[in-house]
1. Kindly state which strands (runs of 3 or more DSSP E) lie completely within the stretch 8-96 and contain at least 3 residues that are touching a helix residue (DSSP H, G or I) at 6+ places or on another chain (Cβ under 9 Å), open to solvent by less than 30 Å² (accessible area, probe 1.4 Å) and modelled with pLDDT of 90 or more.
2. Please specify each residue of the stretch 44-85 satisfying the condition of being β-branched (Val, Ile, Thr) and either in contact with a His (Cβ under 9 Å, 6 or more places away or on another chain) or farther than 14 Å from residue 21 by Cβ (or both).
3. Looking only at the stretch 99-114, count how many residues are open to solvent by 50 Å² or more (accessible area, probe 1.4 Å), assigned to a helix (DSSP H, G or I) and over 15 Å from residue 39 (Cβ atoms).
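The values are calculated or read from the model by the stated rules, or taken from the named source; none is laboratory data. Predicted, not measured: the structure shown is a model, and the values here were computed from it. Every residue, glycine among them, receives a Cβ derived from its backbone with ideal geometry; neighbour counts consider all protein chains shown. For accessibility, only protein heavy atoms count, side chains too; no ligands or nucleic acids. Shrake-Rupley method; radii C 1.70, N 1.55, O 1.52, S 1.80 Å.
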Amino acid sequence: SLKKTLLDINPYIQIKEHPFITANNANLLDDYDLVIDGSDNPTCRYIVNDHCMKTNRKLLSGACIGWEAQVTCYGGNNLCYRCLWGNDQVSLGGCSTLGVVGMLPGLVGMLLAI
């Protein structure tokens, strides 16, 4: 749906669709200098973070839970997601288990796009 909408707006852009990032296919990120993660799954966040840190890629991360949101850039000389949050975020669950205020993911998405 997103691909169709974007191509309707600008038919001259190229869009690559990717499956859910797992430890087995994280190398898909190797084609990019900047990785933008807006996943709602803590396990996926750690996989993306670890791969970006291992391959020295910048990671722009957007997250929200409940009424709270954050947008952070990791990589280079900055801290990584795991450095900031430790290893316990997976046990907390994501938006699907903890919930999120309806408009918050849209606001985070706009900040990531900027």
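1. Working: elements: 34-37, 58-65, 68-74.
Result: 58-65.
2. Residues of the stretch 44-85 β-branched (Val, Ile, Thr): 47-48, 55, 65, 71-72.
Result: 65, 71, 72.
3. Number of matching residues: 4.
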